[in-house]
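Encoded as structure tokens, the structure appears first; notes follow it.
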Amino acid sequence: YAYLKISEGCNHRCSFCIIPHMRGDLVSRTISEVIEEAKRLVESGVKELLVISQDTSAYGVDVKYKLDFMEGRAHETRMQDLAVALGELGVWVRMHYVYPYPHVDKLIPLMAEGKILPYLDIPFQHASAKILKAMKRPAHSEKVIDRIRSWREICPELTIRSTFIVGFPGETEQDFQELLDFLEEAQLDRVGCFTYSPVEGAPANVLANQVPEEVKESRHKRFMEKQAEISAERLRAKVGSLQWVIIDEVVEEGAVGRSSA
């Protein structure tokens, strides 16, 4: 949003990656500017575009979804229009940092039709309503589960990646169990987890009931063990299937590539 740069050899293992400034107010670039940059990347040989921002699902909110024109066609400055336009470039398009707002539902048919990759990176962060509220995040994990189910009905190939935080101030064993239950129900494909650590100036530093370090580490271990089982089972279900891949490199043992997942 604020600005975008091209970086070579990023940790996503793609040839090039569109990386934004990730702090501060949301500032939406014009959709024509983003598409023109994407076209230049594709013309240079790029095979995969990663759409990344602080909150991709909020694209256009700050400019009230202003109309923009490309090649005589009008497009609103919003995530769905951007996905449709990028999907016409003939390369993989992967959406990152998308929060599960209702309008995200409109992306799923595009995935089912092969316009963009059936992949969403959604930072859920927790499942306990109490902890989500303390984090100042939307606290509707039960609605999230319903939304995930409806997405998979439309696009069974959908891969969901997420990140979570354990040990946030005030997190009880019951809150943590809610998180484990959420993992079991949501059946996410790829998940990362961080233990909460104080950041200078953060309001959470002064919250009551700080979680001891040994408890944080124990919960992190239990969380990752639980998710490892889920991820392994979801991968096993793909054995024998045919997958399109992008080859990253050729090594002595063969070729190394990535699927849409």
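Return yes when Leu207 is touching a residue at least 60 places away in the same chain (Cβ under 8 Å) and surrounded by fewer than 16 Cβ atoms within 10 Å (Cβ to Cβ) and no when it is not. Write out each step before concluding.
Values: touching a residue at least 60 places away in the same chain (Cβ under 8 Å): yes; surrounded by fewer than 16 Cβ atoms within 10 Å (Cβ to Cβ): yes.
Criteria met by Leu207.
Of note, Tyr1 does not satisfy the criterion of being in a loop (DSSP other than H, G, I, E, B) and at pLDDT 80 or above. Note on the stretch 171-204: residues that are in a helix (DSSP H, G or I) and in contact with a Ser or Thr (Cβ under 7 Å, 6 or more places away or on another chain) amount to 4.
Entry remark, the stretch 162-188: residues being crowded, with 18+ Cβ neighbours inside 10 Å and more than 14 Å from Ile131 (Cβ to Cβ) number 4 in total. Against the test of being part of a strand (DSSP E or B) and of a type in the set (A, V, I, L, M), the options Leu49, Leu41 yield a single qualifying residue, Leu49.
When the stretch 128-139 is filtered for residues that are open to solvent by less than 50 Å² (accessible area, probe 1.4 Å) and in a helix (DSSP H, G or I), the ones remaining, listed by number, are Ile131, Leu132, Ala134. Whether any residue in the stretch 67-80 is surrounded by fewer than 18 Cβ atoms within 10 Å (Cβ to Cβ) and in a loop (DSSP other than H, G, I, E, B) is what I want to check. The answer is yes; a qualifying residue exists. Would you check if Met135 is in contact with a Cys (Cβ under 8 Å, 6 or more places away or on another chain), farther than 22 Å from Leu107 by Cβ and of a type outside the set (S, T, N, Q)? Criteria not met by Met135.
The condition of being within 18 Å of the chain's Cα centre (by Cα) and touching a residue at least 12 places away in the same chain (Cβ under 8 Å) does not hold for Thr77. Just for the stretch 43-61: of the residues that are of a type in the set (Asp, Glu) and open to solvent by less than 70 Å² (accessible area, probe 1.4 Å), which one is farthest from Phe124 (Cα to Cα)? Checked the stretch 43-61; the qualifying residue farthest from Phe124 (Cα to Cα) is Glu48. Candidates are the residues of the stretch 211-247 that are hydrophobic (A, V, I, L, M, F, W, C) and assigned to a loop (DSSP other than H, G, I, E, B); the one that is most open to solvent (accessible area, probe 1.4 Å) is Trp244. One residue stands out among those in the stretch 81-127 that are of a type in the set (Phe, Trp, Tyr) and not in a loop (DSSP other than H, G, I, E, B): the one that is surrounded by the most Cβ atoms within 10 Å (Cβ to Cβ), which is Tyr119. Scanning the stretch 163-205 for residues that are over 19 Å from Glu217 (Cα atoms) and in contact with a strand residue (DSSP E or B) (Cβ under 8 Å, 6 or more places away or on another chain) yields Ala186, Leu188, Asp189, Arg190. Against the conditions (1) closer than 25 Å to Ser32 by Cβ; (2) touching a helix residue (DSSP H, G or I) at 6+ places or on another chain (Cβ under 9 Å), Trp92 satisfies every one except (2).
Residues in the stretch 248-261 that are open to solvent by 90 Å² or more (accessible area, probe 1.4 Å) and either outside any loop (DSSP other than H, G, I, E, B) or within 19 Å of Tyr119 (Cα to Cα) (or both): Val250 only. Pairing residues of the stretch 222-235 that are under 15 Å from Ile160 (Cβ atoms) and at pLDDT below 95 with residues that are open to solvent by less than 40 Å² (accessible area, probe 1.4 Å) and part of a helix (DSSP H, G or I), at Cβ distances under 7 Å and at least 6 apart in sequence or on separate chains, gives no pairs at all.
The values are calculated or read from the model by the stated rules, or taken from the named source; none is laboratory data. Everything quoted here is computed from the prediction, not taken from an experiment. Note that each Cβ is placed from the backbone with ideal geometry, even for glycine, and that neighbours are counted across all protein chains shown. To get the accessible areas, we keep the full protein, side chains included, count just its heavy atoms, and leave off ligands, DNA and RNA. Shrake-Rupley method; radii C 1.70, N 1.55, O 1.52, S 1.80 Å.
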